[in-house]
Amino acid sequence: MHPSHPPSGRLTALGTQLIEIHHWLREELAQLRASLDSPGGGATLTRELRAHCVGFCAALDQHHTGEDGGVFHLLAEQAPELRPVLAELSADHLVVADLLRRVDALLAEAADGRSVRAELDGLAALLESHFTYEERKLVAALNRLTGDPVELLGVTPPPDGDPLERTETA
């Protein structure tokens, strides 16, 4: 069982889950970038590598869409002082979405791994700054909230051993 789902069935605080999601996304991106560094990875993209990339991009997009449509609205209502922070984070989400579209376009045109790696490097730098800022500014406020983590955060971290498995809303 994943650490955010203890035997009692009570969910870990949303702020803690946000950190877990970010940790998982960081790991997935690092694995994806490392795969592009492997022998042959820089020149061609295998079907598995493309699938991993598409899955990662979809999970990240789902997370940001969930935040914008879920938890950010709730936080804006319950902690109005966070509205400027939420606006900055939502603006970051638009930049990330643009980068994800560029990665998707590279995959669709069968670009080489080096081109994809360059976009992922930029994405990794942006995400590290974004995740760190978001965690620093929102975790305490999130830990005071209750609600469905999938609805509010877009995704939950997958159970160990199931990379890129996402929990979908019903």
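Work out from phi, with θ = phi - 60° and the Karplus expression 6.51 cos²θ - 1.76 cosθ + 1.60, the ³J(HN,Hα) of each residue of the stretch 103-112, listed in order in whole Hz, and give x for Gly and Pro.
Calculated HN-Hα couplings, in order: 4, 4, 5, 4, 5, 5, 8, 6, 5, 6 Hz.
Hey, can you grab everything whose amide H is under 5 Å from the amide H of residue 45? Only 5+ residues off in sequence or another chain; H modelled, so Pro and N-termini drop out.
113
What list of ³J(HN,Hα) values in whole Hz, one per residue of the stretch 66-82 in order, does the Karplus curve 6.51 cos²θ - 1.76 cosθ + 1.60 (θ = phi - 60°) give from phi, with Gly and Pro shown as x?
My calculation for the stretch 66-82 gives x, 4, 4, x, x, 5, 5, 5, 5, 5, 4, 6, 8, 9, x, 5, 8 Hz in order.
At residue 65 and residue 151, where each label point lies 7 Å from the Cα along Cα→Cβ, what is the point-to-point distance in nanometres?
1.8 nm
Which semi-axes, in whole Å and largest first, does the equivalent ellipsoid of the stretch 86-156 have when worked out from the alpha carbon gyration tensor as the square roots of 5 times its eigenvalues?
Numbers: eigenvalues 171, 37, 19 Å².
Calculated on Cα positions only, the semi-axes equal 29, 14, 10 Å.
List the relative contact order of the stretch 14-153 as a percent without decimals, with contacts defined as Cα pairs under 8 Å and 6+ residues apart. Don't jump to the answer; show the numbers that get you there.
Values: 104 pairs, mean separation 67.4, N = 140.
Computed over the stretch 14-153, the figure is 48 percent.
Using a 7 Å offset from the Cα along the Cα-to-Cβ direction at both residue 139 and residue 98, what is the distance between the two label points in nm, to one decimal?
With each label placed 7 Å out from Cα toward Cβ, I get 3.0 nm.
What distance in nm separates the simple spin-label points at residue 81 and residue 121, each placed 7 Å from Cα in the Cβ direction?
In this crude spin-label approximation the distance works out to 4.1 nm.
Readers should treat all values here as calculations from the given coordinates under stated rules, not as data from a laboratory. Here the structure is a predicted model, which is why all the values come from computation and not from measurement. Don't worry about glycine lacking a Cβ; one is built from the backbone with ideal geometry, like all the others, and counts go over all protein chains shown.
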